[in-house]
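A short write-up of the structure that comes next.
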Amino acid sequence: MWRFGQRAGWSAVLVLLGGFPLAQGDEPATEPSIAKTGEQVASRCAECHGEDGQSRNSDIPSIAGFSMLATMDLLDTYRMGLRAARAVELPDGTKTDMVEVAESLSDADEWAVVIHYANQQWQPHEQAFDAELARQGAEIHAEKCDRCHYDGGRDPESDLPITAGQWRDYLVAEFDNFDAGRRAMSDKMREKYDTLSAAEKRAIIELYVSAGEY
């Protein structure tokens, strides 16, 4: 698991990276420099994903609390063309998308920002949901999804994006992307996903929206 606590985290990462130069310049990276760089990179992400990864836009996911591997994998899927990226207009009128963002990050920036988000606290979004449908979704999820998406999508140690408590609009859009082939998935996931009916997918989304509090 690549999630680190606030106090011991930075030292563990430095040992893991073997002196990988996370800070700009020639001097070795230090704990404060990693934290500062992560905050700086994350500030560029905040316009879409919110302060410290807590999204305020229902069609854009929160990413706070994702494990390092989960966030890094998401960035790589955009770089490799495995996931479609939609254009987003920023407050200054310019447009960007996640492919452009991912490709703009240096290796040092990527390491720093994934560490930053792994050390934030996930906060489920409070949304209305159908409790009975969520319970049905929990049964389906336990049978077909929980082996990878641990604890109903709540556990960051799965090294996959946290889905429990994620925005409904975003979840619906991503399931549509899976259905339309606009987002790739592993063969193992495809094998399970293709067995789901439309009704079962709706139930799983309802489970996620409920954050397991049904």
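Annotation: lysines with alpha-carbon distance below 16 angstrom to residue 144 (same-chain offsets under eight excluded): 188, 192, 201. Between 138, 128, 35, the residue with the greatest mean-square fluctuation in the GNM of the chain (Cα pairs under 10 Å linked by springs) is 128. Helical content of the chain, expressed as a calculated mean residue ellipticity at 222 nm, amounts to -15500 deg cm²/dmol (DSSP H runs of 4 or more residues, -39,500 (n - 2.57) each, divided by residue number, nearest 500). Modelled this way, with points 7 Å down the Cα-to-C-beta line, the labels at residue 151 and residue 58 are 2.7 nm from one another.
Expected output is a single nm value to one decimal: the length gained when fully extending between residue 183 and residue 197, i.e. 0.36 nm times separation in residues minus the C-alpha distance. What is it? Present the calculation step by step, with values, prior to reporting the outcome.
Values: separation 14, 0.36 × 14 = 5.04 nm, distance 1.84 nm.
My answer for the length gained is 3.2 nm.
Between the alpha-carbon centres of the stretch 32-77 and the stretch 79-156 there is a gap of 9 Å. Structural descriptor for the chain: relative contact order 24 percent, calculated from alpha carbon pairs under 8 angstrom and at least 6 residues apart.
For a paramagnetic label modelled on residue 128 (point 7 Å from Cα along Cα→Cβ), amide N atoms under 15 Å away belong, within the stretch 155-169, to 168-169. Annotation for residue 51 and residue 107: the two label points, set 7 Å from Cα along the Cα-Cβ direction, are 3.5 nm apart.
Each Lys and Arg adds +1 at its Cβ and each Asp and Glu adds -1 at its Cβ; summed about the Cα centre, the chain shows a dipole of about 240 debye.
Length gained on full extension, residue 76 to residue 213, computed as 0.36 nm times the residue gap minus the Cα-Cα distance: 46.1 nm.
Any read-out appearing in this document is the output of simple, stated calculations on the displayed coordinates, not a laboratory observation. Here the structure is a predicted model, which is why all the values come from computation and not from measurement. Heads up, the Cβs are rebuilt from the backbone with ideal geometry, glycines too, and the neighbour counts pull from every protein chain shown.
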